[in-house]
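The structure under discussion appears below in the form of structure tokens.
The values are calculated or read from the model by the stated rules, or taken from the named source; none is laboratory data. Because the structure is a prediction, the values reported are computed rather than measured. In this analysis, Cβ positions are derived from the backbone assuming ideal geometry, glycine residues included, and neighbour counts consider all displayed protein chains. Accessible surface areas use protein heavy atoms only, side chains included; no ligands, DNA or RNA. Shrake-Rupley method; radii C 1.70, N 1.55, O 1.52, S 1.80 Å.
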Amino acid sequence: MGLDTQKTFNQLIIMLLVGVMILIGQRVGYGIPVMNAVPGMLIIIAICMASLIIRDLLPNVKFPAFAWASLIGLILCMPFMPTADAVLRFTKEVNFLGTTTPILAIAGISVGNRIDEFKKLSWRIVIISFVVFAGTFFGSAIIAHIVLKLQGII
């Protein structure tokens, strides 16, 4: 138990590289000036690093890093927290969709590294994928229909 400083340093380098990719993508895709988004990106990276460190320091707690990041972000942005105004002001300059491109690219690489495992699943993965996609689509449609009906929009 403890913190592996070399691993943490490597994670920080990767986070910074992904942060730069996100900033460039936002500039190209959404016209957001890089310097406007840098403080928000640094806050997001700090939250991500804190979540990874907490996960490593508490290995017996079965709570994933993204959940820690969500919890930290939620706490920092609660209206009664002194950090709320600054965190919200700076992070609103980071477009959410701008963050998805590098994340999806990394996910694709991760899947590509496990292609042999996917080959073993053969035709079953296709059926599972269709069921998951259909379930997600219809589940979302049902929820949206209920909410729109309750609001009197439809």
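Overview of values
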item	result
Selection from region 105-116 of residues that are surrounded by 10 or more Cβ atoms within 10 Å (Cβ to Cβ) and of a type in the set (Ser, Thr, Tyr)	none
PRO102 assigned to a helix (DSSP H, G or I) and either open to solvent by 90 Å² or more (accessible area, probe 1.4 Å) or of a type outside the set (A, V, I, L, M, F, W, C) (or both)	yes
Residue list for region 117-130, filter: part of a helix (DSSP H, G or I) and open to solvent by 100 Å² or more (accessible area, probe 1.4 Å)	GLU117, LYS119, LYS120, ARG124, PHE130
Given (1) under 27 Å from LEU23 (Cα atoms); (2) open to solvent by 50 Å² or more (accessible area, probe 1.4 Å); (3) part of a loop (DSSP other than H, G, I, E, B), index of the condition VAL94 fails	(2)
Residues (under 18 Å from the mean Cα position of the chain (by Cα) and of a type in the set (Gly, Ala, Ser)) located in region 1-45	GLY19, GLY25, ALA37, GLY40
Members of region 131-154 that are open to solvent by less than 100 Å² (accessible area, probe 1.4 Å) and not in a helix (DSSP H, G or I)	GLY152, ILE154
Region 22-47, residues that are touching a residue at least 60 places away in the same chain (Cβ under 8 Å) and within 24 Å of ALA67 (Cβ to Cβ)	ILE22
Close pairs (8 angstrom Cβ cut-off, 6 or more residues apart or separate chains): at negative phi in region 48-60, open to solvent by 50 Å² or more (accessible area, probe 1.4 Å) and among the aromatic types (Phe, Trp, Tyr) anywhere	SER51/PHE66; ARG55/PHE63
Residue match in region 89-98 (condition: closer than 28 Å to GLN26 by Cα and among the polar types (S, T, N, Q))	yes
